Amino acid sequence: MNILILGGGGREHALAWAVLQNPKCDKLIVAPGNAGIAQIATCAALDIEDGGAVANFAEENAMDFVIVGPEAPLAAGVADRLRDAGLLVFGPSAEAAKLEASKAFTKEVCDASGAPTAGWARFTEAEAAKTYIRDQGAPIVVKADGLAAGKGVVVAMEEQDALDAIDEMFSGQFGAAGAEVVIEEFMEGEEASFFVLCDGETVLPIGTAQDHKRVGEGDTGPNTGGMGAYSPAPVMSDAVTTRALDEIVRPTMAEMTRRGTPYQGVLYVGLMIRDGAPRLVEYNVRFGDPEAQVLMMRLGGQALDLMLATARGRLDKMQVNWADDHAMTVVMAAQGYPGAYKKGTAIRGLEDLPETSFEMCFHAGTSGTRGEITASGGRVLNVTARGDTLAEARDRAYAMIDRIDWPEGFYRRDIGWRTLEPEAS
Ligand code: AMP
Ligand code: GLY
């Protein structure tokens with residue numbers, strides 16, 4: 001089978017790595033890919049948000065299956081365009097991708113399906129939004145409605161921060177994404193990410209994870225796209241998982257089907273858990289990055305069978321074969337990230353790292369060829385390992401990092417601390 005993966009980050013490197021473990025994969029192309037992906041698959045330059053271009057490319061290269069990694073092509077309708085062309089695709093339609101592309105849409109779906117989530121209101125006008133904030137008081141959460149590359153959310157502990165966020169969002173800084181804002185009740189609790197596959201009918205859980213969004217150790221400093229993650233998430237006990245499925249995920253999926261826009265693909269369910277009760281923080285319509293890195297390391301080659309069954313509507317026939325294992329990924333980023341950082345610095349030592357089913361260094365933002373790799377992004381490497389315990393996975397990941405020579409990079413030394421050193425939290 002010939003497979004095309006769209007995307008070029010650490011998530012897509014992990015997806016490519018898992019797909020290649022499966023003997024069903026004869027040929028793998030990743031577009032656009034990156035320097036790490038180029039070491040295991042063919043990379044192709046392609047505008048992945050242009051559905052017509054992707055469909056032509058897939059046909060010309062006799063692709064049998066297309067896996068869409070990031071949200072932007074999904075929101076742009078690339079999966080619809082590919083399905084119209086008769087291709088087998090993993091990823092939701094543009095209409096179903098609104099579960100990530102519009103926060104107000106998601107809130108409406110939650111209300112219609114009775115899924116527990118933060119109380120909310122929507123505004124297209126700054127003064128009304130500010131009046132609402134003054135009425136509600138802080139803490140309160142302000143979100144740009146649309147896709148804002150993870151930057152459109154302000155968790156305001158002080159009322160003034162929320163009012164400032166309104167000015168910022170309506171200033172045009174987020175473009176069309178900020179033309180409408182959603183204001184939410186602040187939820188307390190512990191966060192976890194829950195990943196399920198859905199084929200429009202059947203829902204199949206494929207793992208849980210927790211990530212570290214803040215740049216600094218002890219979860220301090222500015223927000224980032226994620227500095228590390230681990231799986232499974234201990235807070236997702238069987239009881240919490242069952243409640244999340246019964247109260248949130250299945251009702252939402254049923255509502256999407258009722259609306260005539262069934263959801264097909266992976267659903268990333270961001271949860272806030274308090275006293276054993278999960279509430280929805282957000283949906284994403286793709287694998288998390290870097291959560292995919294730990295999920296793929298745990299699932300290995302069966303990830304391809306699961307994604308194929310999703311695309312074919314046969315999830316009812318599938319089950320996940322779990323090893324009783326743990327995985328951790330540690331992000332190495334360019335100094336300065338998430339602010340300004342230098343590009344083009346040399347990374348040495350990568351070619352000597354182990355590449356096994358227990359240890360992989362996935363590339364997120366790199367250029368060059370093996371032996372001459374340079375950093376080309378903010379988050380650059382995802383050093384990922386698996387073990388019988390989380391401590392073992394952590395020790396393996398940090399032992400790999402010790403072998404990487406990149407003076408202009410940095411990483412957090414405390415990924416997993418809430419689980420590994422609970423007394424410190
Ligand atoms: P989102 O992009 O919606 O996931 O928001 C980013 C982060 O902001 C989440 O992972 C939470 O840590 C935080 N957050 C979002 N909404 C809320 C809320 N209603 N209450 C508390 N924290 C929130
Ligand atoms: N790691 C957070 C995300 O992928 O949205």
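The values are calculated or read from the model by the stated rules, or taken from the named source; none is laboratory data. Worth saying up front: this structure is predicted, and the values here are computed from it rather than measured. Cβ atoms come from the backbone with ideal geometry, glycine included; neighbour counts cover every protein chain shown. Ligands, DNA and RNA are excluded from the accessible area calculation, which covers all protein heavy atoms including side chains. Shrake-Rupley method; radii C 1.70, N 1.55, O 1.52, S 1.80 Å.
Laid out as a table, the results:
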read-out	value
Which listed residue is within 25 Å of Ile273 (Cβ to Cβ) and crowded, with 17+ Cβ neighbours inside 10 Å, from Ala118, Ala112, Ala97	Ala118
Out of Ala239, Ala209, sole residue that is within 15 Å of ligand 1 (Cβ to nearest atom) and either touching a strand residue (DSSP E or B) at 6+ places or on another chain (Cβ under 6 Å) or at pLDDT 95 or above (or both)	Ala209
Filter result (surrounded by fewer than 19 Cβ atoms within 10 Å (Cβ to Cβ) and either outside any helix (DSSP H, G or I) or modelled with pLDDT under 95 (or both)) within the range 54-63	Asn61, Ala62
Condition check for Val66: within 30 Å of Glu351 (Cα to Cα) and not in a helix (DSSP H, G or I)	yes
Residue list for the range 375-425, restricted to those being among the hydrophobic types (A, V, I, L, M, F, W, C), closer than 21 Å to Gly9 by Cα and more than 21 Å from the chain's Cα centre (by Cα)	Ala375, Met400, Ile401, Ile404, Trp406, Phe410
Output for the range 235-256, where each listed residue is within 19 Å of Ala97 (Cα to Cα) and crowded, with 20+ Cβ neighbours inside 10 Å	Ile248, Val249, Thr252, Met253, Met256
Helices (runs of 4 or more DSSP H) completely within the range 72-179 that count 3 or more residues being within 16 Å of ligand 2 (Cβ to nearest atom) and in contact (Cβ under 8 Å) with a residue 12 or more places away in the chain	98-101
Selection within the range 276-325 - assigned to a loop (DSSP other than H, G, I, E, B), within 14 Å of ligand 1 (Cβ to nearest atom) and of a type in the set (Val, Ile, Thr)	Val285
Any chance Gly77 is at positive phi, under 25 Å from the mean Cα position of the chain (by Cα), of a type outside the set (Asp, Glu) and open to solvent by less than 40 Å² (accessible area, probe 1.4 Å)	yes
Lone qualifier among Thr356, Thr310, Thr329 - being more than 30 Å from Arg370 (Cα to Cα) and polar (S, T, N, Q)	Thr310
